[in-house]
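Encoded as structure tokens, the structure appears first; notes follow it.
The values are calculated or read from the model by the stated rules, or taken from the named source; none is laboratory data. Just so it is clear, the structure is predicted and the values come from calculations on it, not from any experiment. Here the Cβ positions follow ideal geometry from the backbone for every residue, glycine too, while neighbour counts run over all protein chains shown.
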Amino acid sequence: MLTEKKDKTGLFIGAVCLAVLYVFLILLDNVIPQNSFTLLLVPVLKKGAIYSLVCVSMNLLNGFTGLFSLGQAGFMMLGGYAYAIFSIPKDQHAAVYQYFDGGLIQFSIPEALSNVLGESAGAIIGSIICIMIAGIVAAAFAALIGIPVLRLKSDYLAIATLGFAEILRAIFQWSGLGPITNGSNLLRKYTSLSAIKIGSLKLATFFPFFIAGISIALIVLLINSSYGRAFKAIRDDEIAAEAMGINLFRHKMLSFVISSFFAGVGGALLAMFQTTIQATPFKSAMTYELLLIVVIGGIGSISGSCIGAFLFIACNEWWLRFLDNGSFMGMSVPFFRDGFRKVVFSVIIMVIVLFFSKGIMGDREISFAGLARRIRGSKPSGGKEAPAK
Amino acid sequence: MSRPVVLSLENITMQFGGVVAINNLSMEIPEGNITALIGPNGAGKTTAFNCITGVYQPTNGIVRFMDKVIVASHPTGKDLKNYKGWNADAYAGMKIIDPTPDQITRLGIARTFQNIRLWKSMTVFENVLTAKHMRAKQNVFSATFRANAKEEKRMRDETMALLEEQGLDRFRDELATSLPYGLQRRLEIARALATDPKLLLLDEPAAGMNPQETLELSEFIKQIRDKYGLTILLIEHHMDLVMGIADYIYVIDFGSEIAQGLPAEIQSNRKVIDAYLGVSEDE
């Protein structure tokens, strides 16, 4: 009825960009020879895609529903553990759970499927099933703690969710749960990204982008649906939203559960990327990192969160690494030592917060439809977003 | 009053701590009428609204809507000990019904706010469209996967029709808060209409309007009453507006009813004049 035709062009451009990106990623894995550049680029891309997903899920909650929640790392950990536990091969259990008699769960979904469908198909489908389980576990926990926690407002909600994530981390390290979580030891040997391939076609970089792309597209669809509008109404004015018949608790719970589901999926991807998983790194510091990305990208902007995630990961793992090396362009600089990167990083963040207080994108989106209009020279109006990446 | 009663309040008392904000207020609002609730500042008008719409749980009393009890309450425990209102045990055995505001809206009672509460980040169109969410036949999956595109299209078409009827279609893509004040009021009413109400509660719709705008507003209120077959309850300060459009008026002061009647009766009522103009001690 409105601007459907224009939107279709936008969608087309978006799809083409996405296809080009995916082809490039597959080439990166298989054709382009490894060198010192790709060795740095590939992990940044993988981790960036994973962080994009988690930050978008956090943005759904913090930016679009206006619930200031800091439990994201906890839900990622739940997802990561759920993924790892269900995908450790049977004969590796004795080695992984060496202090806990080989653990409680004695099967592996990817392995079981591999026996039926062949190795590569089994690994791909099995890991996707495990990723779904990871999301569902995180969502189920969110539904449980949401009942008491979502009655709280603003800062109190943040404190409660932060506390929940910390408690969960402590519980996962408890040796009483060892047969499942392996206590404070690493979980390893599960299906990692390098196992994702079709025949000899490696998909290690493609896979996280694929899963994150689908997940982000789903979140975008949700946000642009009637429910997304209800979330925004709650963010803008809770009292008015309630008076217009929007059930606050139900919609907050929905947003919380969906956000946690995708945080769980992100956690599972992170576990695949890292090849080992342990509860220790899922501290509040990780949630702050995510929050930082959301703020830098722009609260209430999906594309902002994605850009922010890639920039943050690239700076953290690559571009600012030279600051830790003790030398700069061949000269020895004594204060360029471990941790100096973090100092520079903090300064950059301060500059962003001071001068771009709305973040890189504000609450706008990269819009392929808008791009299409600009190319054709007609005036831009009311930009509809396309799944941006 | 031969018309069926849409909304009735029975002995509503609202006590905050030791303060009785509304004392034993009873009202009957017949179908199709414009009923006004007036009173000086702090008389408890908005509190009465909040008791009807589920924002507050009244301490005592019953609200009926279309012959169905929608709010019922009586003081218990500590509240009973401190209770200062009347009829403390009138509803003692009754089951307490304390709905949330969205449940009330779902029944068909929509409201506007004294201080305009539009959704700031949304356009005029989205503000009205979002109010349609409540009655949409969909769940989160069918909405996300666009499985029910007809429903979404119906919502959009109805919203557009509503905006056209209200003369707001020119502003459909403007941010709601960028509209002039009078139009924001009108948009808030349009948003309330989008929930398909039978009863519309207007909280000081003419607040901050000049005489010309007030005149237009009273025409507008009559229009929407006739067009959508509404029953209207309004709170107002502007006497011109109230006397011009109200079919029946309730006057409260310090939480208690001091008069009720037709506009002409209220205008000459001694108690009402005293309440509004103040009465000297030695009179």
| Residue within region A:239-258 that is among the hydroxyl-bearing types (Ser, Thr, Tyr), assigned to a helix (DSSP H, G or I), away from chain B (no Cβ under 14 Å) and over 30 Å from residue A:95 (Cβ atoms) present | no
| query | Out of region B:142-167, which residues are away from chain A (no Cβ under 13 Å), at pLDDT 90 or above and within 20 Å of residue A:240 (Cβ to Cβ)? | reply | B:162, B:163
| query | Which helices (runs of 4 or more DSSP H) sit wholly inside region A:70-122 and have at least 2 residues that are not hydrophobic (A, V, I, L, M, F, W, C)? | reply | A:72-87, A:109-117
| request: Could you grab me the full set of residues in region A:229-238 that are among the acidic types (Asp, Glu) and more than 9 Å from chain B (Cβ to nearest Cβ)? | output: A:238
| field | Every residue from region B:120-133 that is surrounded by fewer than 19 Cβ atoms within 10 Å (Cβ to Cβ) and either among the hydrophobic types (A, V, I, L, M, F, W, C) or assigned to a strand (DSSP E or B) (or both) | value | B:123
| Listing of helices (runs of 4 or more DSSP H) fully contained in region B:172-283 that carry 3 or more residues being modelled with pLDDT of 90 or more and either within 14 Å of chain A (Cβ to nearest Cβ) or out of contact with any helix residue (DSSP H, G or I) (no Cβ under 8 Å at 6 or more places or on another chain) (or both) | B:181-193, B:211-228
| Answer residue from region B:64-119, given it is within 14 Å of chain A (Cβ to nearest Cβ), of a type in the set (A, V, I, L, M, F, W, C) and assigned to a loop (DSSP other than H, G, I, E, B) and is farthest from residue B:10 (Cα to Cα) among those | B:119
| remark: Going through region B:263-272 in order, the residues found to be more than 9 Å from residue B:243 (Cα to Cα) and surrounded by fewer than 15 Cβ atoms within 10 Å (Cβ to Cβ) are B:265, B:268, B:270, B:271
| message | Would you confirm whether or not region A:226-237 contains a residue that is at pLDDT below 95, charged (D, E, K, R) and closer than 21 Å to residue A:46 by Cβ? | response | no
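Name the residue that is farthest from the chain's Cα centre (by Cα), counting only residues in region A:184-228 that are away from chain B (no Cβ under 14 Å) and of a type in the set (Val, Ile, Thr).
Out of the qualifying residues, it is A:198.
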| said: Tell me whether region B:157-170 contains one or more residues that are more than 25 Å from residue A:220 (Cβ to Cβ), in contact (Cβ under 8 Å) with a residue 60 or more places away in the chain and aliphatic (A, V, I, L, M). | reply: no
| task | Considering every residue within region A:252-275, establish whether at least one is farther than 21 Å from residue A:84 by Cα, free of Cβ contacts under 8 Å to residues at least 60 places away in the same chain and of a type outside the set (Gly, Ala, Ser). | result | yes
| Residues of region A:229-260 classified as more than 24 Å from the chain's Cα centre (by Cα), surrounded by fewer than 21 Cβ atoms within 10 Å (Cβ to Cβ) and of a type outside the set (D, E, K, R), total | 4
| request: Could you look through region B:191-209, keep only residues that are over 14 Å from the mean Cα position of the chain (by Cα) and surrounded by 18 or more Cβ atoms within 10 Å (Cβ to Cβ), and pick out the one that is nearest to residue B:230 (Cα to Cα)? | output: B:194
| request: Would you check if residue B:36 is under 15 Å from residue B:202 (Cβ atoms) and part of a strand (DSSP E or B)? | output: yes
| query | How about region A:261-355: which helices (runs of 4 or more DSSP H) wholly inside it have at least 3 residues that are touching a Ser or Thr at 6+ places or on another chain (Cβ under 6 Å)? | reply | none
| request: Give the residue, chosen from A:268, A:263, that is surrounded by 24 or more Cβ atoms within 10 Å (Cβ to Cβ), modelled with pLDDT of 95 or more, under 23 Å from residue B:143 (Cα atoms) and more than 10 Å from every other protein chain (Cβ to nearest Cβ). | output: A:263
| remark: Note on residue B:73: of the conditions (1) crowded, with 21+ Cβ neighbours inside 10 Å; (2) among the hydroxyl-bearing types (Ser, Thr, Tyr); (3) under 16 Å from the mean Cα position of the chain (by Cα), unmet is (3)
| Would you call residue B:13 surrounded by fewer than 23 Cβ atoms within 10 Å (Cβ to Cβ) and touching a residue at least 60 places away in the same chain (Cβ under 8 Å)? | no
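Every residue, every condition in (1) under 16 Å from residue A:210 (Cα atoms); (2) buried (at least 17 other Cβ atoms within 10 Å of the Cβ); (3) at pLDDT below 85, yes or no:
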| position | (1), (2), (3) |
| --- | --- |
| A:1 | no, no, yes |
| A:5 | no, no, yes |
| A:9 | no, yes, yes |
| A:14 | yes, yes, yes |
| A:24 | yes, no, no |
| A:27 | yes, no, no |
| A:36 | no, no, yes |
| A:39 | no, no, no |
| A:44 | yes, yes, no |
